[in-house]
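In what follows, a structure is listed as C-alpha cells, so that the remarks can point back to it.
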Amino acid sequence: MATELRCPDSMPCHNQQVNSASTQNPEPQQAGDLIPAHAGGNSDSAAKLTLLSGHAHSSVPAERDPQASGGATLNSENIGGAGNYDAPPSDSLLGDCEVSRQIGAQLKLLPMNDQIRELQTIIRDKTASRGDFMFSADRLIRLVVEEGLNQLPYKECMVTTPTGYKYEGVKFEKGNCGVSIMRSGEAMEQGLRDCCRSIRIGKILIQSDEETQRAKVYYAKFPPDIYRRKVLLMYPILSTGNTVIEAVKVLIEHGVQPSVIILLSLFSTPHGAKSIIQEFPEITILTTEVHPVAPTHFGQKYFGTD
C-alpha cells in the first residue's frame, strides 16, 4: 500500500475545444509530437483525436517536455541539455513530516526499500546506459501502476475453484481508464496495459506556442464516457506541476471530478506536488519520491532523443 505522509457520466468529451483557465509554465512538450504517428491508436475505444488549436492557456512561457519537443528550449525543463535537472531554488530536502505539513495526505508515497532506491539511482545516473535506464524506468513504472490500481475500488465476488471449492475474493469495479500526458506520459502506458489488458487510454498534448509563449492544449483524446470513469493520469516527472494542472482542467471540462483522478508519477518536487494539490485538493498523487531535484532528462533518455 502507498504510504500517506503523516507525522510520529452524460457529457460529450470529443470533437470539442478545450477552454481551461490559465496556469503558468506547464511542463514541456515538443513540436515533433504535434501529430504523432501513433496518435490514432486505440481508436475503437476512444473518441476522435481532436486538434485544439488557438486555445491559449497561459500568458507565461510554458515549461517544456524535452522528450516531446525535439530540441527547441522553451523553459527550464531542458535548459542545458538532456542531463540538466530542474530544481526550484527555494526548495530544500524535506522530511516526511514537513512534506505532510506543506502538501497534505493526498500525496502518497510508495514504501521505500532498497529495490526502489536502486531503480531511482539508475534513472538519475547520467552514466547509465539507455538500456539500463529503460529497464529500470519500466520496473519503477510497473510498481507505481500496481499501487495506483490498488487505490481503485474493488468489490467482493465469489468464484468456484477447479475442485469445486467456493472462494470469496475481490475484483475491480468497472469504469476505470488511463490518460497519458504526451509525450513523457506515454512511457507509462505499457505498464498500465501490462496490468490491465483491456483498459482504455486517452491522451492529452500540452505545448507552448512558439510565438506567444502561451500554454496550449493541442490534443485531447478520451473515451467518450470518461465522465463516468475513474482516471489514472500518467506523467512521470512533476517539476512545476503546471502541465498536470492544465491537464486536470481539461478533464474537468469533460465532466471528470478531481476526486476520481489518481495522478501516477515517478518523481516529484515539493513545489510540483504542492501546486497541484493547492489547485485541486481532492486529487490523489502517487509517486516514489519527493525531492527538490527532478530528473527532467527522463523523457529524452527514455525515447532516445537526448
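The values are calculated or read from the model by the stated rules, or taken from the named source; none is laboratory data. These numbers were taken from a predicted model, which means no experiment stands behind them. Virtual Cβ from ideal backbone geometry, glycine too; neighbours counted across all protein chains shown. The accessibility values were calculated without ligands, DNA or RNA, using every heavy atom of the protein model including side chains. Shrake-Rupley method; radii C 1.70, N 1.55, O 1.52, S 1.80 Å.
Quick rundown of the values:
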item: Top-ranked residue of the stretch 169-189 - restricted to ones that are modelled with pLDDT of 95 or more and among the charged types (D, E, K, R), ranked as surrounded by the most Cβ atoms within 10 Å (Cβ to Cβ); result: 186
item: Residue under evaluation residue 137, criteria (1) in contact with a strand residue (DSSP E or B) (Cβ under 9 Å, 6 or more places away or on another chain); (2) of a type in the set (Gly, Ala, Ser); (3) within 24 Å of residue 199 (Cα to Cα), criterion not met; result: (1)
item: Residue that is farthest from the chain's Cα centre (by Cα), among those in the stretch 190-212 that are under 20 Å from residue 266 (Cβ atoms) and open to solvent by 70 Å² or more (accessible area, probe 1.4 Å); result: 194
item: Residues of the stretch 128-155 classified as outside any helix (DSSP H, G or I) and either modelled with pLDDT of 95 or more or open to solvent by less than 50 Å² (accessible area, probe 1.4 Å) (or both), total; result: 4
item: The one condition in (1) among the hydrophobic types (A, V, I, L, M, F, W, C); (2) closer than 24 Å to residue 295 by Cβ; (3) touching a Pro at 6+ places or on another chain (Cβ under 6 Å) that residue 177 fails to fulfil; result: (2)
